[in-house]
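The values are calculated or read from the model by the stated rules, or taken from the named source; none is laboratory data. Keep in mind it's a predicted model, so treat the numbers as computed, not measured. Glycine gets a Cβ as well: all are built from the backbone with ideal geometry, and neighbour counts include every protein chain shown. Remember, those area values only see protein heavy atoms, side chains included, never the ligands or the DNA or RNA. Shrake-Rupley method; radii C 1.70, N 1.55, O 1.52, S 1.80 Å.
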Amino acid sequence: MRVRKLPALWGLCAGLMIATGAASPPEKARVDINTASLQVLMQVPGLTRIWAARVVRFRPYRAKNNLLDRGILSPEIYSRVKDLIVVHRESEATISPQP
């Protein structure tokens with residue numbers, strides 16, 4: 001006779017979804033990659049000192065996928081942090097006009 005263990009399996013799957021960050025944090029809790037310091041970026045899970053330094057070095061960004069498109073982060077690292085970061089740009093009014 002077989003014993004069904006589906007409820008236990010569902011619990012395991014739900015735990016994995018939570019552990020892997022399936023639920024994104026609210027936008028206010030995300031780190032702005034255009035303004036965050038190196039120390040703040042290093043607190044983002046998945047970013048080491050080297051990756052965080054590259055993010056700072058190649059600023060500014062127009063969208064967070066610039067990190068991937070411009071080769072700043074590897075696809076693996078980007079997939080880990082994409083839901084934990086945000087890009088806020090200066091409004092057009094605050095940017096000084098070019099002569």
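Taking segment 1-98 as the region of interest, the helices (runs of 4 or more DSSP H) fully inside it that hold 3 or more residues being at pLDDT 95 or above are 38-42, 49-57, 66-69, 75-81.
So, in segment 24-48, how many residues would count as being open to solvent by 40 Å² or more (accessible area, probe 1.4 Å) and in contact with a helix residue (DSSP H, G or I) (Cβ under 6 Å, 6 or more places away or on another chain)? Talk me through it step by step, then tell me what you get.
Of all residues in segment 24-48, those open to solvent by 40 Å² or more (accessible area, probe 1.4 Å) come to 24, 26-30, 35, 37-40, 42-43, 45, 48.
Those left that are additionally in contact with a helix residue (DSSP H, G or I) (Cβ under 6 Å, 6 or more places away or on another chain): 38, 42.
The qualifying residues number 2.
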